[in-house]
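Structure first, commentary second.
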Amino acid sequence: MRKRRVWHVRIIMIIITLVVIMPFLYIVLNSFKQGQSMYNTTILPRSFTLNHYRGLFRNTSFVLWIRNSTIMGLSAGLIAVLITVFGGYAFSRFKFPGKKYGILFLLIVQMLPISVAMVAYFRMLQIFGLINTLTGIILILGFGNSAIGIWLMRNYMNSIPVELDESAFLDGASKWKTFWRILFPLMIPMLVTQFIMTFIGVYNEYMLAALLLFDPAKYPLGVGLKTFIAGNYSGNWATFSAASVLGSLPILIVFYSLQRFIVQGLTKGAVKG
């Protein structure tokens, strides 16, 4: 009976995995076929070609789009990590007026869709002369993705005994030395998790970049891919698929090289409030 239940669970997981993987496999196979049609009469293309991949580098600004998206993701990720480490530490270890409701306010702000603040973002960037710049997008997304990170880091820090701080103080260590030498190494799993989450979100950004960037040389990958689609049912779909496959590689590299930190960071950051 127990073995039967185990096999039922396995079959369900296999079905779910296939459902999740199938769209990606379809895009991969579509990128190797002849022509630009989105529809196939067979699951496997009748003939394979690398022309769509060659065309990306010869005829489009694909490399520039990848560079812009990577710069945005890395920069916004570092900003989010910097704010997260000090914000989470402050909410966990310090006592100040508004501490309880301050973290709640950050979570409420994080829950609001980005479209709600679009006009405000546009006006702010206009005032500071950052319209149509990667810097403006990076600042908005870097600071905007920090609220949930501060909350997770606060919970993560609450799981670290305060006795560690007190022991360091008794040994003559200052607050900064205690933070840097003792607490910061323990924060690394949560910081890496925050960096990965921010990098993936910013790398895939479309709406904000499409509205605030007008220069094609500054387009990130998401906006650049839109140029392959002429209409709802027509466009360079095979080239689009090839760009999607190659464009996903930076995310896969970052995720799989740092994935060992994610489970540890999220589980400790979400348990203790």
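Nothing in this text is a laboratory measurement; each read-out follows from the coordinates by a stated rule. Keep in mind that this is a model prediction, so the values were computed, not measured. As a convention, Cβ positions derive from the backbone with ideal geometry for all residues, glycine included, and neighbour counts pool all protein chains shown.
Using a Debye calculation, one point per C-alpha and no hydration shell, please list log10 I(q)/I(0) for the chain at q = 0.12, 0.14, 0.16 Å⁻¹ in order. Each listed q maps to, in turn, -0.91, -1.09, -1.22. On the beta carbon distance between A173 and K95, with R0 = 25 Å, the FRET formula returns roughly 0.80.
In the chain, helical runs assigned H by DSSP with n ≥ 4 each contribute -39500 (n - 2.57); averaged across all residues and rounded to the nearest 500, the mean residue ellipticity at 222 nm is -22500 deg cm²/dmol.
Relative to the longest principal axis of the Cα atoms of the chain, the long axis of helix 62-93 makes an angle of roughly 20 degrees. Legend: distances between Cα atoms for K95/K218; K33/K226; K99/K226; K100/K175; pairs beyond 32 Å are K95/K218; K99/K226.
Compared with the dominant principal axis of the Cα atoms in the chain, helix 147-158 is inclined by about 40°.
Taking Cα atoms only, the orientation of helix 134-144 departs from the longest principal axis of the chain by about 50 degrees.
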